[in-house]
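Quick notes on the structure that follows.
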Amino acid sequence: MTASTLDQEAAWTVFTEVVILRTEVRQQFVDLTDLVGERVRRSRVSDGWVSAQSRHTAAPLTVNDCEPCLREDLGRILDPKAPRDLLYGRESHGEQCREAAAHCGGLLLGTSQILHVLGGTLQLGPRQRLLLVELDGPRARTLSIVVMGARGHHE
């Protein structure tokens with residue numbers, strides 16, 4: 001048995017919560033690290049995983065530095081691939097869709113992240129943060145959080 005193996009007597013638990021937040025501008029990074037870390041603390045999971053999922057294709061999640069220039073960098077990456085000024089056809093609705101650029105940008109980032117929990121804390125690098133990337137705000141956004149793992153004693 002290794003030090004990272006779960007204690008056979010540890011109770012397995014699953015903690016879930018749905019969080020609604022409001023973004024403020026069209027393109028925005030919302031740092032979710034403290035919010036998700038608080039849910040891990042409340043779950044009392046010592047060792048396991050936390051899954052965070054955005055319920056919106058135009059508000060994906062990523063792990064990255066939360067540098068002030070990140071928003072401009074994202075624009076330089078996404079705009080050539082999914083220009084905001086183009087109208088994309090939407091066959092099923094028979095109309096042009098202005099939000100399509102945001103949805104295409106969401107394809108590049110994905111809607112969920114799974115992070116490790118060890119000793120009751122998120123396992124992120126020193127500058128890493130869990131970020132919701134708003135691509136079509138401002139809007140109300142729903143986030144689903146699931147923490148799973150062994151319950152343990154941690155503060």
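A single member of ARG55, ARG26 is surrounded by fewer than 16 Cβ atoms within 10 Å (Cβ to Cβ), closer than 19 Å to GLY105 by Cα and at pLDDT 95 or above, and it is ARG55.
There is at least one residue in region 38-46 that is hydroxyl-bearing (Ser, Thr, Tyr), modelled with pLDDT of 95 or more, surrounded by 11 or more Cβ atoms within 10 Å (Cβ to Cβ) and touching a Ser or Thr at 6+ places or on another chain (Cβ under 7 Å).
Residues in region 12-23 that are farther than 24 Å from LEU70 by Cβ and either surrounded by 12 or more Cβ atoms within 10 Å (Cβ to Cβ) or under 12 Å from the mean Cα position of the chain (by Cα) (or both): THR13, PHE15, THR16, GLU17.
So that you can scan it fast, the table gives a plain yes or no per residue for (1) under 29 Å from ARG76 (Cα atoms); (2) in contact with a helix residue (DSSP H, G or I) (Cβ under 7 Å, 6 or more places away or on another chain); (3) surrounded by 15 or more Cβ atoms within 10 Å (Cβ to Cβ):
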site	(1), (2), (3)
THR111	yes, no, yes
GLY119	no, no, no
LEU122	no, yes, yes
PRO126	yes, no, no
LEU135	yes, yes, yes
ALA140	yes, no, no
VAL147	no, yes, yes
ALA150	no, no, yes
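The combined condition, being of a type outside the set (Lys, Arg) and either under 16 Å from the mean Cα position of the chain (by Cα) or at pLDDT 95 or above (or both), is not fulfilled by LEU87.
For region 116-145, the set of residues classified as within 10 Å of the chain's Cα centre (by Cα) and of a type in the set (A, V, I, L, M) consists of LEU130, LEU131, LEU132, VAL133, LEU143, ILE145, listed by residue number.
The single condition from (1) among the basic types (Lys, Arg); (2) exposed (fewer than 13 other Cβ atoms within 10 Å of the Cβ); (3) at pLDDT 75 or above that LYS81 fails is (3).
The values are calculated or read from the model by the stated rules, or taken from the named source; none is laboratory data. The structure displayed is predicted, hence computed values, not measured ones. When we count neighbours, we look across all protein chains shown, and the Cβ atoms used for this are built from the backbone with ideal geometry, even at glycine.
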